[in-house]
Amino acid sequence: IHAQPAHPQWIGMNHPKNPRHFSFAKSGVDLGHTWVEGLLSYYDFTGDDRALDAARGIADYLVQRPVSGIFGGNPRQWGWPQIALLAVYQATGDDRYKTAAIEYARRGMKAHPPTVIKQWKMGILADALVDTHRVTRDPEIEKWLRAYAAAVATKSPRDLRFYPALAYVARLDNDPK
């Protein structure tokens, strides 16, 4: 959202995918649908600064979102913002985005214990924590990921979205099993 005179606090939000995923009164745009990678790819392919500006706008919104008091809480709402922030961090080198990704990681880990493997959205949070761990090597994130991997290995969920983080932990230990 590039302009919203009635709601200037919405500037930078990703456009909602449908009306049920957006209500400022309830929590704002559903951060479980926050992507910037297409904008960054377009920028890389064309050099069009508007795409980078739009990706930065979303990332800037995400930076201030945790302190705004506007928040939902399913696992992907903590995961997708991390992934988006890290993508913009890697494109720009701006440490604000990495710092914000770490904040989403901490809050997501606190809100969603790694051993509660019920819904596929946990796989999105775990993937994001993998990305954040790759950049930071944060021991708290690694501890969460190890507990998550143990839970997934024990419960063997059928949904494949649970498994990329398990594979990452296996690579950390060089464990082919």
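The values are calculated or read from the model by the stated rules, or taken from the named source; none is laboratory data. Computed from a predicted model, the values in this text were never measured in an experiment. Neighbour counts are summed over all protein chains in view; Cβ atoms, including those assigned to glycine, are modelled from backbone coordinates with ideal geometry. Heads up: the accessible areas ignore ligands, DNA and RNA and are worked out on the full protein's heavy atoms, side chains in. Shrake-Rupley method; radii C 1.70, N 1.55, O 1.52, S 1.80 Å.
A few points about this structure:
- Filter result for residue 64 (out of contact with any helix residue (DSSP H, G or I) (no Cβ under 7 Å at 6 or more places or on another chain), of a type outside the set (D, E, K, R) and under 25 Å from residue 50 (Cβ atoms)): yes
- Residue selection: residue 120 satisfies the criterion of being surrounded by fewer than 17 Cβ atoms within 10 Å (Cβ to Cβ) and touching a Lys or Arg at 6+ places or on another chain (Cβ under 7 Å).
- Yes/no for residue 92 being at pLDDT 95 or above and open to solvent by 30 Å² or more (accessible area, probe 1.4 Å): yes
- Residue count for region 59-86 satisfying the condition of being open to solvent by less than 50 Å² (accessible area, probe 1.4 Å) and modelled with pLDDT under 90: 10.
- Candidates are the residues of region 35-57 that are of a type in the set (A, V, I, L, M, F, W, C) and outside any helix (DSSP H, G or I); the one that is surrounded by the most Cβ atoms within 10 Å (Cβ to Cβ) is 36.
- Residue count, region 1-32 (criterion: touching a strand residue (DSSP E or B) at 6+ places or on another chain (Cβ under 9 Å), modelled with pLDDT of 70 or more and not in a loop (DSSP other than H, G, I, E, B)): 2
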